[in-house]
There are 2 protein chains.
Amino acid sequence: MDTRLNNLDYAFNPRSIAFVGATETLRKWGFLILNNLITGGYEGEIYPVNPNRETVLGLRAYPSVRDIPAEVDLVIFTVPSRQVLGALDDCIAKGVKAGVVITAGFKELGEEGAELEAVLVRKGREGGMVLIGPNCQGICCPGNRLYPWMPILFYPPRGRIGYVAQSGNILNMLIGHAVNAGLGISKAVSSGNEADVKTGDYLSYLADDPDTEVIVSYIEGVNDGRSFLERVRSATRVKPVVVLKGGRTRAGVSAARSHTGAMAVSGRLFEAACRQAGAIVTYSIEEAGLTAASFVGRPLPRGRRVGIITGGGGLGVIAADFCTEMGLEVVDLSPRTLSELEKMLPDWWVPGNPVDLVAGLDFMIIKPVIEILMKSGEMDAVMFLWIGPPRRLEYKDSSDNDRGVNMSGVGKMMDQLFRDFSVGIDELVHELQVPLYVATSIRIEPPDDDGQTDRVQPLIFPSVESACRAMHAMAEYYEYRSARD
Amino acid sequence: MDTRLNNLDYAFNPRSIAFVGATETLRKWGFLILNNLITGGYEGEIYPVNPNRETVLGLRAYPSVRDIPAEVDLVIFTVPSRQVLGALDDCIAKGVKAGVVITAGFKELGEEGAELEAVLVRKGREGGMVLIGPNCQGICCPGNRLYPWMPILFYPPRGRIGYVAQSGNILNMLIGHAVNAGLGISKAVSSGNEADVKTGDYLSYLADDPDTEVIVSYIEGVNDGRSFLERVRSATRVKPVVVLKGGRTRAGVSAARSHTGAMAVSGRLFEAACRQAGAIVTYSIEEAGLTAASFVGRPLPRGRRVGIITGGGGLGVIAADFCTEMGLEVVDLSPRTLSELEKMLPDWWVPGNPVDLVAGLDFMIIKPVIEILMKSGEMDAVMFLWIGPPRRLEYKDSSDNDRGVNMSGVGKMMDQLFRDFSVGIDELVHELQVPLYVATSIRIEPPDDDGQTDRVQPLIFPSVESACRAMHAMAEYYEYRSARD
């Protein structure tokens, strides 16, 4: 691997940043991204570059990068494309190691832009710099409180998922699925036109990154398929790689061409090759986002046998259908396991898998039932489904009803019930090394730590389907690794 | 149709309700459901029935239904199964027209329970009562602030979607997808064992109900397939019916048998028959919930041609793929339409469908672009995609950063931009009768009216995929209706 690419470390762990295009004009990216960088809490030095201002947003500004009286690790560019080359010369003269070119107006605009982009890459390479973009939405590394990117005032917490995407919007949505579930990210990059650093390079970088436990990548096209697949193969040897391909159909490929100028790649062939290289291929943004998040803090299932515990009969039916349709096995339970369960469950329990708790509000039997299934040795994973009304609705304080009855204790009682049952379940999973997939609308708040703790609590799935899909993906990855190891 | 079934009106529009099993014991359904009924704001008379108490929750209690000194339209039963028959005799003697039997312990428990259930049905029919359940989670009709059901302190708003489900949990989740999107419900029923009133009966009732614009039904089994399909056919002649089948696989059918004691029905055959009868067949809870909600307040697309407008290139790629894979047509735009768009869009716009706005923060061009596409006559529906960071994260007030820079205006600016662009778009859709499918994470708050206004604003889709699926379902329904009319 090109040792210059080691300079990506300067992009994600910079001690100081120059911002070429810094401004206070409200709707300009030169303001909004600099604002994200400052308010995100980055603790290194920030040097705005703007020849027309003494200060920008309260920080001393400099006419050019050359004029900055200290070392600079990373430069962010938001100036118009025709000004980028000049600024790049300054960076190289200054010995800067990494740049993020937010600026659009390169290859995606046709021939003239492509020429400009070729010069950009050549200059950067000769000068020993790595360049992210151009035409990208920036990068993020919450461990360093580093948010020089477009999503406005959006600061996801630190965690274990690494992202690389050839679309900034899809990057945000992929991250959103993890963040909404209380998980965080290690490093994320919107790779844009990939003039210099390419998806394959980022995969290698994230594969080597000890803070990254799983990688997810949105890909519209790759230029060198053979080298790309080699990178995928190396990465999947050490951690899971989840792939979403944009441009699977004629209409999609045509849209991709005008988006990033990506080469047309046949979706089916590409997906088959990725799968053969050990990647997990997904088909929607939600599926990619949740599948990646499902690997964090969870042991792999060592097979496809699943035990389903459900707080509602219908959910068990839907889950049994989904698991079967996906190639998982809803195992029959042994007489011994059934009789152990019978001791726990009410008289009217109908024995079988799914195990329908039919338990009304007795949440305390959930953990012992999970334990019986995990210890039985009859299954490779346990799924627990408990989905009620949607999360968004807070319990209405019912003390204000006009019949003068004070019921406000009901909400509190339910909250306490919901909290109690989950105590100790994580320990159980890690002791027995049987993964648990919980799908619930019960609100389980992540710890409030301002995003600076690693988020390793396992994902709670928002739907039965997403839990089934995640287990299937993890079982496939286990099979791939077992065949290789 | 059995005219006795007209008595369902007494269930959904009761002037007075008796509650057999009323209690103040905190974890009992006889408390929790009565509590829901009271705190939900029902304005008719409520008569708790409990032979051991003078009052329950501040309301005068009666030893039996016979002792209530006024007319009773509806009775809710939460007493143990062996006590239901006696209470039913009282109801019949009193001339009650409708009952909801929450109580479990009937057919789902085997032979003895099935006998009890048969007696229940015979008595009810002879007495001229309709019985909902047993073994159900109750009903709801927000137009009457009627919430005698299990979901605790959950009061969805009034709206245009009718629900009938053979699983209470799945009912809640189906409703959740509409409620989370700001829509409401007309009537909902958890049909339980369907001893007396069956899914087909509810479909007929909801088909005749002027407050219901679309019906969605979760079905594990039906007893009389021919009659059921006739009901589906009649219903789909007047409004869309969305169906989700539980028990499509061997494991699913087996789970369904122990859940509601439903007859095994082959999933594939059942789904094909439903489709032939004009129903929209769906494959997940989210798909069923969102597809049903998508019909509300939206004209049908008169074909499969779609124009896609996107705030991000990657979203356009994903949407073009999905639409194509689903059998929709991402049409090529005529030179005339392209040149009209060129006048609106920046110089660096790459002409084509999807129309990538590449517009930074200029939200005001969105409406004119939608208008050009709708007026072109070149497409049957328009899709608009604008998805940023997840909704749940509020804008952090950035005035507290330690560099002393006050940025709190940024969040407000974004909020205003987001709000402005949507003004007038609804009028456009209804004037031109071209449906618009918006997928966005922009938070659009429903009007705060305590749930008593009909929610007819169209659904905002939470994902690109759900918008594509909804358009496909609506186009299929249009084709079905056109072939019939």
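The values are calculated or read from the model by the stated rules, or taken from the named source; none is laboratory data. As the structure is a prediction and not an experimental result, all values here were calculated from the model. Ideal geometry is used to build each Cβ from the backbone, glycine not excepted, and the neighbour counts take in all protein chains shown.
Being part of a helix (DSSP H, G or I), among the charged types (D, E, K, R) and under 19 Å from residue A:128 (Cα atoms) is the filter here; which residues of the range A:59-96 pass it? I'd like the intermediate steps shown before the answer.
Just the residues of the range A:59-96 that are part of a helix (DSSP H, G or I), to begin with: A:65-67, A:81-94.
Remaining after also requiring among the charged types (D, E, K, R): A:66-67, A:82, A:89-90, A:94.
Across the range A:59-96, the qualifying residues are A:66, A:89, A:90, A:94.
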*Quick one: residue A:206 ticks every box in (1) modelled with pLDDT under 95; (2) under 24 Å from residue A:286 (Cβ atoms) bar one, so which box is it?*
(1)
*For the range A:130-186, which residues satisfy the criterion of being surrounded by fewer than 24 Cβ atoms within 10 Å (Cβ to Cβ) and among the hydroxyl-bearing types (Ser, Thr, Tyr)?*
A:155
*asked:* Please count how many residues of the range B:5-37 are part of a helix (DSSP H, G or I), more than 19 Å from residue B:84 (Cβ to Cβ) and touching a helix residue (DSSP H, G or I) at 6+ places or on another chain (Cβ under 8 Å).
replied: 4
*Collect the residues in the range A:356-383 that are within 14 Å of chain B (Cβ to nearest Cβ), modelled with pLDDT of 95 or more and out of contact with any Lys or Arg (no Cβ under 8 Å at 6 or more places or on another chain), keeping them in residue-number order.*
A:383
*Out of the residues in the range A:97-144 that are part of a loop (DSSP other than H, G, I, E, B) and within 11 Å of chain B (Cβ to nearest Cβ), which is nearest to residue A:190 (Cα to Cα)?*
A:137
*Checking residue A:327 against (1) in a loop (DSSP other than H, G, I, E, B); (2) within 10 Å of chain B (Cβ to nearest Cβ), which test does it fail?*
(2)
*Can you tell me which residue in the range B:157-170 is farthest from residue B:8 (Cα to Cα), limited to those that are more than 8 Å from chain A (Cβ to nearest Cβ) and of a type outside the set (Val, Ile, Thr)?*
B:157
*asked:* Any residue that is at pLDDT 95 or above, in the same structural domain as residue B:37 (by TED's automatic domain parsing) and small (Gly, Ala, Ser) - is there at least one of those in the range B:100-117?
replied: no
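Looking for whichever is more than 14 Å from chain B (Cβ to nearest Cβ) and within 21 Å of residue A:84 (Cβ to Cβ) here; the options are A:211, A:196. Which one fits? Steps first, answer last, please.
On the way: A:211 fails: within 21 Å of residue A:84 (Cβ to Cβ).
Only one candidate qualifies: A:196.
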*Looking at the range B:244-286, which of its residues are modelled with pLDDT of 95 or more, within 14 Å of chain A (Cβ to nearest Cβ) and surrounded by fewer than 23 Cβ atoms within 10 Å (Cβ to Cβ)?*
B:281, B:282
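Return a yes/no flag: does the range A:62-80 have any residue that is of a type outside the set (Asp, Glu), in contact with a strand residue (DSSP E or B) (Cβ under 8 Å, 6 or more places away or on another chain) and in contact (Cβ under 8 Å) with a residue 60 or more places away in the chain.
Initially, the range A:62-80 is screened for residues of a type outside the set (Asp, Glu), giving A:62-66, A:68-70, A:72, A:74-80.
Imposing the further condition that a residue be in contact with a strand residue (DSSP E or B) (Cβ under 8 Å, 6 or more places away or on another chain) reduces the set to A:62-65, A:68, A:70, A:72, A:74-79.
Okay, now just the ones that are also in contact (Cβ under 8 Å) with a residue 60 or more places away in the chain, so A:74, A:76.
Checking the range A:62-80: at least one residue is of a type outside the set (Asp, Glu), in contact with a strand residue (DSSP E or B) (Cβ under 8 Å, 6 or more places away or on another chain) and in contact (Cβ under 8 Å) with a residue 60 or more places away in the chain.
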*Which residue, of B:310, B:324, B:291, is touching a strand residue (DSSP E or B) at 6+ places or on another chain (Cβ under 9 Å) and assigned by TED's automatic domain parsing to the domain that holds residue B:213?*
B:291
*For the range A:1-26, name all the residues that are in contact (Cβ under 8 Å) with a residue 12 or more places away in the chain and among the polar types (S, T, N, Q).*
A:7, A:13, A:16, A:23
